[in-house]
């Protein structure tokens with residue numbers, strides 16, 4: 001990242017002095033959205049990249065107007081919808097915009113932005129779990145007071161929590177549909193009263209020789225449902241820079257043991273399948289239940305047709321004889337604006353982001369892609385309530401926990417709870433041992449020495465060392481800024497990343513910087529994994545991962 005003090009001073013001044021552009025109401029019509037500024041042209045023309053990662057060579061539009069680079073989801077049709085919305089905004093507000101629209105995976109947007117903020121998008125869409133990294137990396141402009149008030153009034157409380165760091169907002173809520181619920185086969189689950197009972201559903205699946213797909217062994221996001229159901233929580237605190245400073249986690253508690261015992265009932269059943277894909281409905285041993293989200297609705301409908309049922313998660317009876325409804329995470333897709341050196345461009349980006357996340361545009365994207373809105377007015381529309389998947393999600397949201405800012409290492413630490421519970425005895429003591437191990441790893445995050453925070457380690461799926469994204473492999477620094485692992489037997493298809501401080505704030509994988517390092521057939525064998533890092537004048541690290549002879 002190459003942001004300097006000059007940029008930060010201008011951004012601070014802009015945030016403090018924005019006029020109507022910062023507080024322009026995002027209403028239901030393009031013409032009455034944020035106040036416009038005069039320009040020669042009233043239209044926006046765009047170019048688009050169709051790759052799943054940003055094409056840095058994409059040419060800017062030759063049309064006159066303010067050039068903006070905009071990253072949107074790679075989902076088919078999304079870039080065209082955004083191009084239309086940008087054009088609508090430009091015409092309604094008599095502004096001239098020359099957008100270059102590129103398709104970038106929302107899961108990878110933060111990695112690409114933080115590689116070089118200056119070269120990144122002016123406006124970009126990203127998944128909520130990347131928010132803290134982006135704030136800490138200086139890749140998100142803080143909203144002005146009036147803009148923050150408008151966004152807060154228009155969107156649901158969970159989505160506002162998702163864009164908040166300290167006491168300020170740094171992004172714009174775009175969807176409120178990143179949660180999960182049940183899809184089920186009505187030809188197997190024939191008694192609707194069973195939908196409220198985990199134990200009855202397990203019995204139905206076992207009797208039919210079918211599976212219940214619930215990703216309990218490889219995903220902290222899903223397995224947290226049992227702990228949230230009994231009232232446990234994992235709340236992380238960040239400072240204004242996005243740095244994690246504390247955690248209040250109660251998974252390792254009496255209520256956590258009740259949750260763990262119930263989880264064992266599922267994961268030790270012959271019906272359990274640790275997956276979250278609607279494709280499981282047509283697997284060799286098909287699933288009768290798949291816990292997934294709105295993104296899988298079309299796949300589930302295609303697989304089951306008229307036999308498709310959709311419902312919130314069920315309840316279970318705890319070892320204390322009380323009944324607990326399974327909880328869930330509720331998550332969000334967000335839009336960010338990059339800090340700008342030009343106050344006029346900064347104002348335009350803020351106004352445009354407000355419009356692109358407004359009631360008008362959220363309704364349009366629900367109509368086009370069935371994206372679940374964060375805007376409260378769109379949520380209240382009859383057509384939204386009538387969507388089966390969104391209806392089930394909204395019903396489950398009554399038991400959900402908004403996904404706030406969570407330390408990147410937590411996902412790796414927590415996801416092994418399911419596997420640990422499979423191996424543990426089905427007793428309170430057995431579960432307590434597994435949860436104690438989890439708690440020790442959480443506590444260690446705030447007890448790391450400066451050397452441990454600076455050190456790099458390898459994490460990934462490497463069969464020869466039994467690593468499945470659940471443990472880090474040490475590296476040694478020699479010479480300075482060159483980190484090397486011990487010899488590891490690597491097989492074709494093994495994949496990994498090298499990360500700093502056992503966190504995901506700084507991590508390196510393939511040469512493109514877009515994903516994991518995947519071992520090829522030619523590279524297989526006994527090798528050492530090596531990372532060479534360099535830092536720019538602002539201290540931003542870049543790195544190159546390679547395999548060297550053992």
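The values are calculated or read from the model by the stated rules, or taken from the named source; none is laboratory data. This structure is a prediction, so every number in the text was calculated from the model and none was measured. Here the Cβ positions follow ideal geometry from the backbone for every residue, glycine too, while neighbour counts run over all protein chains shown.
Things worth noting here:
- Residues that are part of a helix (DSSP H, G or I) and buried (at least 24 other Cβ atoms within 10 Å of the Cβ), drawn from region 331-348: 346, 348
- Residues of region 147-199 that are part of a loop (DSSP other than H, G, I, E, B), surrounded by fewer than 19 Cβ atoms within 10 Å (Cβ to Cβ) and not assigned by TED's automatic domain parsing to the domain that holds residue 136: 186, 187, 190, 191.
- Scanning region 478-497 for residues that are on the phi > 0 side of the Ramachandran plot and either touching a residue at least 40 places away in the same chain (Cβ under 8 Å) or under 28 Å from the mean Cα position of the chain (by Cα) (or both) turns up at least one hit.
- Test: residue in region 157-164 that is at pLDDT below 95 and out of contact with any strand residue (DSSP E or B) (no Cβ under 9 Å at 6 or more places or on another chain): yes
- Subset of region 92-111 [in contact with a strand residue (DSSP E or B) (Cβ under 9 Å, 6 or more places away or on another chain), surrounded by 23 or more Cβ atoms within 10 Å (Cβ to Cβ) and assigned to a helix (DSSP H, G or I)]: 109, 110
- Verdict on residue 240 being touching a helix residue (DSSP H, G or I) at 6+ places or on another chain (Cβ under 9 Å) and under 30 Å from residue 349 (Cβ atoms): yes
- Failed condition for residue 539, given (1) in a loop (DSSP other than H, G, I, E, B); (2) touching a strand residue (DSSP E or B) at 6+ places or on another chain (Cβ under 7 Å); (3) within 17 Å of residue 456 (Cα to Cα): (2)
- Test: residue 226 is at pLDDT 95 or above, part of a helix (DSSP H, G or I) and assigned by TED's automatic domain parsing to the domain that holds residue 295: yes
- Filter result for residue 387 (in contact (Cβ under 8 Å) with a residue 12 or more places away in the chain and crowded, with 21+ Cβ neighbours inside 10 Å): no
- Any hit, region 516-528, residues being under 15 Å from residue 467 (Cβ atoms) and in contact (Cβ under 8 Å) with a residue 60 or more places away in the chain: no
- Listed here are the strands (runs of 3 or more DSSP E) enclosed by region 234-327 that have at least 3 residues being surrounded by 19 or more Cβ atoms within 10 Å (Cβ to Cβ): 287-292, 308-311.
- Count of region 387-436 residues which are over 22 Å from residue 230 (Cβ atoms), part of a helix (DSSP H, G or I) and more than 21 Å from the chain's Cα centre (by Cα): 2
- Scan of region 356-386 for residues that are over 15 Å from residue 156 (Cβ atoms) and assigned to a loop (DSSP other than H, G, I, E, B), ordered by number: 370, 386
- Residue 351 being farther than 30 Å from residue 239 by Cβ and either out of contact with any strand residue (DSSP E or B) (no Cβ under 8 Å at 6 or more places or on another chain) or part of a loop (DSSP other than H, G, I, E, B) (or both): no
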